[in-house]
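The block underneath contains the structure these notes are about, expressed in structure tokens.
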Amino acid sequence: MGKKFKLINLKLADLIYPYFVVAGSHKKEEIKSFSGIYRFSIDRLLADVGKIRSLGLNKILLFGVGEKKDQAATNAYKENNLVALAVKTLKEKFPNLTVITDVCLCAYTTHGHCGIITSRASIDNKETLKALSRMALSHAQAGADWVAPSAMAKRQVLTIRKILDENGYEQRKILGYSAKFASNFYSPFRNAANSAPRFGDRTGYQLDYANPQVALSEIAQDINEGADMVMVKPALSYLDVILRASLKFKKPLAAYNVSGEYSFVKNGARQNFWDERQMVTEIITSIKRAGADLIITYHAKDIAKWLKEK
Ligand code: PBG
């Protein structure tokens with residue numbers, strides 16, 4: 001018997017699907033502990049985006065996987081960098097696709113931290129802001145609709161807003177990864193982006209999950225700095241934070257249903273521990289119920305397929 005529950009209040013326009021792009025051509029690489037998600041070269045990315053659009057999805061979040069890494073994260077922002085090329089190619093083919101780019105250095109630095117380290121002790125915020133703003137500008141010049149700074153550098157939203165405005169990109173928007181917790185749920189992502197820290201961890205710049213109050217003040221600060229949308233990340237262990245943020249702030253709120261949360265569901269479904277569709281329905285409903293406007297989720301493609309099937 002069993003009643004089948006339906007996704008409440010969800011439109012496909014609320015979903016953002018993440019992609020990982022690599023250099024080269026004809027590449028669709030599998031990723032360890034991240035089933036169903038691939039690293040695509042630009043040509044294969046175009047083909048896949050064509051598929052999700054025919055399923056009714058139209059928003060993507062793009063991550064570059066740095067091929068060559070160095071201390072200065074040069075490949076994140078150099079002319080014709082990988083993400084800029086990908087954005088340009090995507091926008092030529094799909095002008096009304098909403099393209100959001102992740103702006104962070106961890107996939108491009110030799111040490112895998114999100115900022116520039118000049119002495120081994122800590123991140124140099126000033127140098128990091130320089131690199132992040134060049135990176136964001138290169139994405140905007142390529143046609144990105146939104147840039148999403150995720151390095152947790154101080155004043156990153158303000159600095160990026162300024163450089164975009166100075167260069168005539170006042171209309172481009174900023175999605176702040178405002179409340180980004182130092183979480184265990186990011187591991188599959190770090191395999192995908194090849195961005196795990198080579199020493200230490202990210203607790204110096206990501207938030208302490210025992211302290212939700214700090215998350216709310218980080219969100220307030222990003223809004224003050226000019227963020228057009230704010231984010232809570234991860235989603236499931238942080239539904240309380242999503243709820244509080246949605247009650248407290250008027251800006252649109254995104255929740256990032258991250259790689260580890262996705263992999264739990266996928267791996268359990270593969271072993272027949274549960275029904276994947278029912279599990280995803282419950283999860284996405286809970287994130288919406290907590291108050292997220294947009295949900296970044298690796299399940300987006302499956303959800304779009306299921307909605308088509310029904
Ligand atoms: C950091 C970044 C991370 C994710 C996206 N951008 C986390 C991290 O490595 O600290 C994780 C997203 C996911 O797990 O799906 N640049």
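The values are calculated or read from the model by the stated rules, or taken from the named source; none is laboratory data. On a predicted model such as this, the values are computed, not experimentally measured, just so you know. FYI the Cβ positions are ideal-geometry reconstructions off the backbone, even for glycines, and counts take in every protein chain you see.
A quick yes/no check of all residues on (1) out of contact with any Asp or Glu (no Cβ under 7 Å at 6 or more places or on another chain); (2) surrounded by fewer than 23 Cβ atoms within 10 Å (Cβ to Cβ); (3) basic (K, R); (4) at pLDDT 95 or above:
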position	(1), (2), (3), (4)
E166	yes, yes, no, yes
Q171	yes, yes, no, yes
F185	no, yes, no, yes
R190	yes, yes, yes, no
T203	yes, yes, no, no
Y209	yes, yes, no, no
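What helices (runs of 4 or more DSSP H), lying completely within the stretch 211-310, carry at least 2 residues that are touching a Leu at 6+ places or on another chain (Cβ under 8 Å), acidic (D, E) and at negative phi?
Numbers: elements: 212-225, 239-248, 259-270, 276-290, 300-309.
Counting at least 2 such residues, we get 212-225.
Which numbered condition trips up A76, out of (1) touching a helix residue (DSSP H, G or I) at 6+ places or on another chain (Cβ under 6 Å); (2) away from the ligand (no atom under 16 Å from the Cβ); (3) assigned to a helix (DSSP H, G or I); (4) of a type outside the set (D, E)?
Unmet condition: (2).
Show the residue pairs meeting these rules: Cβ distance below 8 Å; 6+ apart or different chains; first residue within the stretch 186-215 and touching a residue at least 60 places away in the same chain (Cβ under 8 Å) and within 21 Å of I296 (Cα to Cα); second residue in a helix (DSSP H, G or I) and among the hydrophobic types (A, V, I, L, M, F, W, C).
S195/F189
For the stretch 33-66: of the residues being farther than 22 Å from G143 by Cβ and touching a strand residue (DSSP E or B) at 6+ places or on another chain (Cβ under 9 Å), which is farthest from the ligand (Cβ to nearest atom)?
Y38
Based on this model, can you work out whether L105 counts as within 13 Å of the ligand (Cβ to nearest atom), outside any helix (DSSP H, G or I), hydrophobic (A, V, I, L, M, F, W, C) and in contact with an Asp or Glu (Cβ under 9 Å, 6 or more places away or on another chain)? Lay out the reasoning, then the answer.
Details: within 13 Å of the ligand (Cβ to nearest atom): yes; outside any helix (DSSP H, G or I): yes; hydrophobic (A, V, I, L, M, F, W, C): yes; in contact with an Asp or Glu (Cβ under 9 Å, 6 or more places away or on another chain): no.
No, not satisfied.
Which residue is nearest to the chain's Cα centre (by Cα), if the candidates are limited to the stretch 17-32 and must be away from the ligand (no atom under 16 Å from the Cβ) and part of a loop (DSSP other than H, G, I, E, B)?
That would be A23.
Results for (1) modelled with pLDDT under 95; (2) in contact with a helix residue (DSSP H, G or I) (Cβ under 9 Å, 6 or more places away or on another chain); (3) assigned to a loop (DSSP other than H, G, I, E, B); (4) within 27 Å of G268 (Cα to Cα), shown as yes or no for each residue.
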position: F34; (1), (2), (3), (4): yes, yes, yes, yes
position: R39; (1), (2), (3), (4): no, yes, no, yes
position: R44; (1), (2), (3), (4): no, no, no, no
position: A47; (1), (2), (3), (4): no, no, no, no
position: R53; (1), (2), (3), (4): no, no, no, no
position: L61; (1), (2), (3), (4): no, no, no, yes
position: E67; (1), (2), (3), (4): yes, yes, yes, no
position: A72; (1), (2), (3), (4): yes, yes, yes, no
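Conditions tested, residue by residue: (1) within 16 Å of the ligand (Cβ to nearest atom); (2) in contact (Cβ under 8 Å) with a residue 40 or more places away in the chain; (3) within 21 Å of the chain's Cα centre (by Cα); (4) under 21 Å from A192 (Cβ atoms).
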position	(1), (2), (3), (4)
A245	no, yes, yes, no
K251	no, no, yes, no
G260	yes, yes, yes, yes
V265	yes, no, yes, yes
G268	no, no, no, yes
N272	no, no, no, no
I283	yes, yes, yes, yes
T297	yes, yes, yes, yes
A300	yes, yes, yes, yes
